[in-house]
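Beneath this line is the structure, given in structure tokens, with notes to follow.
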Ligand SMILES: Cc1cc2nc3c(=O)[nH]c(=O)nc-3n(C[C@H](O)[C@H](O)[C@H](O)COP(=O)(O)OP(=O)(O)OC[C@H]3O[C@@H](n4cnc5c(N)ncnc54)[C@H](O)[C@@H]3O)c2cc1C
């Protein structure tokens with residue numbers, strides 16, 4: 001009688017958004033397969049997006065944002081979580097991973113049959129003196145220590161992108177002088193109308209803007225927080241490809257060029273392009289993790305994401321679904337765009353406008369990008385358009401669109417419907 005050897009474990013490196021999703025998906029696809037999740041921190045499944053809430057004082061500390069008991073996951077899902085274990089070197093010929101036990105200060109080897117890299121990203125260049133970074137929950141304690149010290153009267157944020165603005169939003173509540181440094185303008189990958197609105201908004205909130213200027217290093221009275229220049233977190237021993245230091249190239253199955261090795265989340269770089277590239281954020285990490293983990297355990301999943309982003313700054317919501325402005329400029333086929341200010345609510349509920357812009361291919365009616373900014377109502381519309389892009393809904397199918405109406409949510413004709421009407425009926 002022929003015997004087949006059981007397959008070796010799926011090992012996932014990194015237990016945050018991408019790695020957690022990968023481990024759970026691997027177990028789901030092959031419940032008999034051992035799944036080992038390695039994490040160098042003393043906690044796992046952390047929510048970085050909750051860190052600004054601690055700065056604002058909406059959460060007392062990082063406790064609700066992290067998990068510290070790995071047995072929970074073992075009991076619930078059969079996944080082995082090993083904390084304070086750092087993956088150091090891959091020996092793929094022997095299918096062995098060298099791991100450093102940070103608790104015992106010792107090293108050992110782990111067998112694997114498939115490997116998922118979910119090591120995330122870190123600010124670049126790391127370890128600069130005089131600068132704070134905020135990527136991991138444990139970094140917050142030191143940062144809060146200085147922020148809560150009365151002698152610290154000024155905070156400099158370096159980076160006018162999504163993370164920089166998210167941090168400025170959190171810092172506004174502290175009553176300190178806030179300075180924002182950026183080498184370009186605010187949200188440079190968004191339409192200029194949105195960047196200009198944000199400049200005005202921040203000036204109204206007494207944020208000192210330093211466009212095209214570099215932030216100075218901090219001192220006791222002045223704290224500088226880096227929120228730009230992210231690079232994949234990948235020590236040399238985990239880099240199997242020549243260009244992996246730029247991000248690990250993956251295909252739509254989240255496979256790398258090395259058979260049996262998968263990657264997902266902030267450490268990965270899609271080899272495919274287009275409006276479905278997916279390019280960052282926790283939702284992309286989670287979705288790519290599910291694909292990578294399932295395929296590492298023998299599944300056949302494909303990543304079909306849409307890059308959508310949403311943030312809140314000084315009471316305004318801002319978001320995008322689809323292409324960035326730079327990607328739109330590289331389009332070879334003609335691109336048309338409609339934009340404008342639209343009333344969100346009926347006039348008798350007060351003035352509240354949404355600025356929106358939709359970019360599309362007039363020849364095919366394909367939606368390429370959607371941007372919006374307003375006091376509220378942005379998130380639901382960003383997700384609606386992201387869904388259309390993902391489902392390949394062209395503009396011709398959206399003529400005569402009817403939406404539910406309640407005066408607290410929209411005018412009778414939803415602003416998105418009004419924007420679509422501007423594309424004209426001739427559009428396919
Ligand atoms: C302040 C802040 C706010 C944010 N807000 C939002 C938001 O509102 N919406 C949004 O979509 N995104 C947000 N993000 C971004 C989001 O948190 C990241 O995109 C997401 O965490 C990426 O997940 P990841 O699993 O790929 O990487 P990470 O979350 O970076 O996790 C990687 C994990 O791998 C571990 N690791 C690394 N190297 C090794 C090794 N050699 N061995 C073992 N373990 C290792 C790390 O310790 C870490 O736990 C925010 C980020 C920050 C910092």
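The values are calculated or read from the model by the stated rules, or taken from the named source; none is laboratory data. The shown structure was predicted, so the numbers you read here are calculated from the model rather than taken from an experiment. Don't worry about glycine lacking a Cβ; one is built from the backbone with ideal geometry, like all the others, and counts go over all protein chains shown.
A few remarks follow.
- The number of residues in the stretch 237-261 being closer than 12 Å to residue 296 by Cα and outside any loop (DSSP other than H, G, I, E, B) comes to 2.
- Index of the failed condition, residue 391 passing every other in (1) surrounded by 14 or more Cβ atoms within 10 Å (Cβ to Cβ); (2) within 19 Å of residue 320 (Cβ to Cβ): (1)
- Test result for residue 309, modelled with pLDDT of 95 or more, surrounded by 18 or more Cβ atoms within 10 Å (Cβ to Cβ) and within 30 Å of residue 173 (Cβ to Cβ): no
- Taken over the stretch 297-311, the criterion of being within 15 Å of the ligand (Cβ to nearest atom) and farther than 19 Å from residue 388 by Cα is satisfied by 311 alone.
- When residue 295 is tested against (1) in a loop (DSSP other than H, G, I, E, B); (2) closer than 27 Å to residue 36 by Cα, just one condition goes unmet, and that condition is (1).
- Sole residue being touching a residue at least 40 places away in the same chain (Cβ under 8 Å), surrounded by fewer than 17 Cβ atoms within 10 Å (Cβ to Cβ) and not assigned by TED's automatic domain parsing to the domain that holds residue 19, chosen from 363, 351: 363
- Test: residue in the stretch 272-282 that is over 30 Å from residue 376 (Cα atoms) and modelled with pLDDT under 90: yes
- If you go through the stretch 9-30 and pick out every residue that is surrounded by fewer than 24 Cβ atoms within 10 Å (Cβ to Cβ) and more than 14 Å from residue 87 (Cβ to Cβ), you end up with 5.
- Considering only residues in the stretch 99-127 that are touching a helix residue (DSSP H, G or I) at 6+ places or on another chain (Cβ under 7 Å) and within 11 Å of the ligand (Cβ to nearest atom), the one that is farthest from residue 13 (Cα to Cα) turns out to be 121.
- Residue ID - farthest from the chain's Cα centre (by Cα), chosen from residues in the stretch 180-194 that are surrounded by fewer than 22 Cβ atoms within 10 Å (Cβ to Cβ) and within 21 Å of residue 135 (Cβ to Cβ): 183
Each row is one residue, and each column tells you yes or no for (1) over 16 Å from the mean Cα position of the chain (by Cα); (2) within 11 Å of the ligand (Cβ to nearest atom); (3) over 20 Å from residue 195 (Cα atoms).
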position	(1), (2), (3)
269	no, no, yes
286	no, yes, yes
313	yes, no, no
344	yes, no, yes
349	yes, no, yes
353	yes, no, no
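- Among the candidates 162, 230, 168, 157, residue that is under 21 Å from the mean Cα position of the chain (by Cα), closer than 30 Å to residue 336 by Cα and either buried (at least 20 other Cβ atoms within 10 Å of the Cβ) or within 16 Å of the ligand (Cβ to nearest atom) (or both): 162
- Candidate set: the stretch 31-42, residues that are near the ligand (Cβ under 8 Å from one of its atoms) and surrounded by fewer than 21 Cβ atoms within 10 Å (Cβ to Cβ); chosen: the one farthest from residue 8 (Cα to Cα): 41
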